Amino acid sequence: MLKKIVVIGPVYPYKGGISHYTGLLVRALRKKFETVCYSYSMQYPKILFKREQRDYSNKSFMVEDTKYVINTANPFNWISAAKKIREEKADLVIVSWWHPYFAPCYQGLTSHLKGTPIAFLCHNVLPHERFVFDSALTKATLKRASFAIVHSEGDKEDFIKLLPKIPVYKQVHPTYNAFKMKDMGREEARGLLSLDEKEPMILFFGYVRKYKGLDLLIKAMKGSTVRPKLYIVGDFGSDKEEYTKLIEENGIKDIVCIKDGYVPDTEVEQYFAAADLCVCPYRSATQSGIVQIAYGFGLPVIVTRVGGLPEVVDDNRTGYVVEPEDTEGLKSAIDLYFTEGRQEEFRNNVIAESERFSWDRMTETVEKAYEESIK
């Protein structure tokens, strides 16, 4: 019987969706099991990740009693960290996986945890931005799993191709409802953004990367008959000039508002509470935490038919699913949403779907997979 779990992954004060996810996962598991969280004393070396990795501004995602002991770049540390984890005498160790950078560290850790069932919780089996040897590094690491959990059919297929003999379970990505900190209403949120109550607004949120298709959304906005206000909220890195030029070339500068840079957790709510629609025009994806943040606010979403996104957005009920790189289809979906006046209907549908994306369902999947793995 499953009684004690160790979860390995980033949590507060580390930034980003996977950190938020890990914190919420630990909280959910603690409702039923004794759960200990092991995080990083050093996640990425500064030479590889030059931005600030931590955000201390909001403690709402803090996980009590987290042990920050894993240095991902120090092989000697992996041995000592594994020793501490062994001393927990856990029934199961859950390891967060999303990028082959962690392959050497996780291989080192798990090699010293023999005899303890290990589950890899895969946010992405393979990285969004592929590189030489990524499949080999992934396979060499994930083969140590007793079982794996993924969030999309595409990731399940990728896992089976790499490791067909290891059991893999699919559970849809749970909702990020913890950003609703003040239960902010539309009027208050729009007041903070100096946005008129009746002005239609769509939101593109998160790190700006080529695969996320912001350029496609900008081009789609050019032909929109509704011309909603477009809020682009996220970190552009070094590519901002490329996008601002594209905005000017498409003649939509007057309806675009850019909030460049990392958005602290405490400021996320105002954008989702103010928006009428969230748009994720990705070229590729496995799943998206942005969709689940939107759902946490009852906000409908437009996504493209890539990865697991069509599995979480019910076309014509909780949003729209359009073909990838189809700017005309994207434009039509945006205009249709506003001209047909289905905002309230779609929001109610999102709320009705909430049980499917609950953290309790995630806990049930972990327990079921563990019980089956030890039979």
Going through the stretch 194-211 in order, the residues found to be surrounded by 15 or more Cβ atoms within 10 Å (Cβ to Cβ) and modelled with pLDDT under 95 are LEU195, GLY206, VAL208, ARG209
When the residues of the stretch 171-193 are filtered to those that are of a type in the set (D, E, K, R) and either closer than 23 Å to ALA220 by Cβ or surrounded by fewer than 17 Cβ atoms within 10 Å (Cβ to Cβ) (or both), which remaining residue is nearest to the chain's Cα centre (by Cα)?
LYS180
Out of (1) touching a Phe, Trp or Tyr at 6+ places or on another chain (Cβ under 7 Å); (2) farther than 29 Å from PHE357 by Cα, the one VAL279 does not meet is (2)
Select from the stretch 285-305 the residues that are touching a Gly at 6+ places or on another chain (Cβ under 7 Å) and either small (Gly, Ala, Ser) or in a loop (DSSP other than H, G, I, E, B) (or both) and write down the one among them that is nearest to GLU344 (Cα to Cα).
PRO300
Could you say whether any residue in the stretch 133-153 is surrounded by fewer than 22 Cβ atoms within 10 Å (Cβ to Cβ), touching a residue at least 12 places away in the same chain (Cβ under 8 Å), in contact with a His (Cβ under 8 Å, 6 or more places away or on another chain) and not in a strand (DSSP E or B)?
no
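Looking only at the stretch 58-78, which residues are among the polar types (S, T, N, Q) and assigned to a helix (DSSP H, G or I)?
Just the residues of the stretch 58-78 that are among the polar types (S, T, N, Q), to begin with: 58, 60, 66, 71-72, 74, 77.
Selection gives SER60, ASN77.
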Conditions (1) part of a loop (DSSP other than H, G, I, E, B); (2) touching a residue at least 24 places away in the same chain (Cβ under 8 Å); (3) farther than 21 Å from GLU323 by Cα -> SER194 fails only (2)
Could you tell me whether the stretch 343-353 includes any residue that is without any contact (Cβ under 8 Å) to a residue 60 or more places away in the chain, surrounded by 17 or more Cβ atoms within 10 Å (Cβ to Cβ) and in contact with a strand residue (DSSP E or B) (Cβ under 6 Å, 6 or more places away or on another chain)?
no
Single unsatisfied condition, LEU246 versus (1) crowded, with 16+ Cβ neighbours inside 10 Å; (2) modelled with pLDDT of 95 or more; (3) assigned to a helix (DSSP H, G or I):
(1)
Identify all residues within the stretch 293-306 that are under 14 Å from the mean Cα position of the chain (by Cα) and surrounded by fewer than 24 Cβ atoms within 10 Å (Cβ to Cβ); write none if there are none.
GLY296
So how many residues does the stretch 75-100 have that are touching a strand residue (DSSP E or B) at 6+ places or on another chain (Cβ under 9 Å), surrounded by fewer than 23 Cβ atoms within 10 Å (Cβ to Cβ) and among the aromatic types (Phe, Trp, Tyr)?
2
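The values are calculated or read from the model by the stated rules, or taken from the named source; none is laboratory data. Quick caveat, the model's predicted, so the values are computed rather than measured. As a convention, Cβ positions derive from the backbone with ideal geometry for all residues, glycine included, and neighbour counts pool all protein chains shown.
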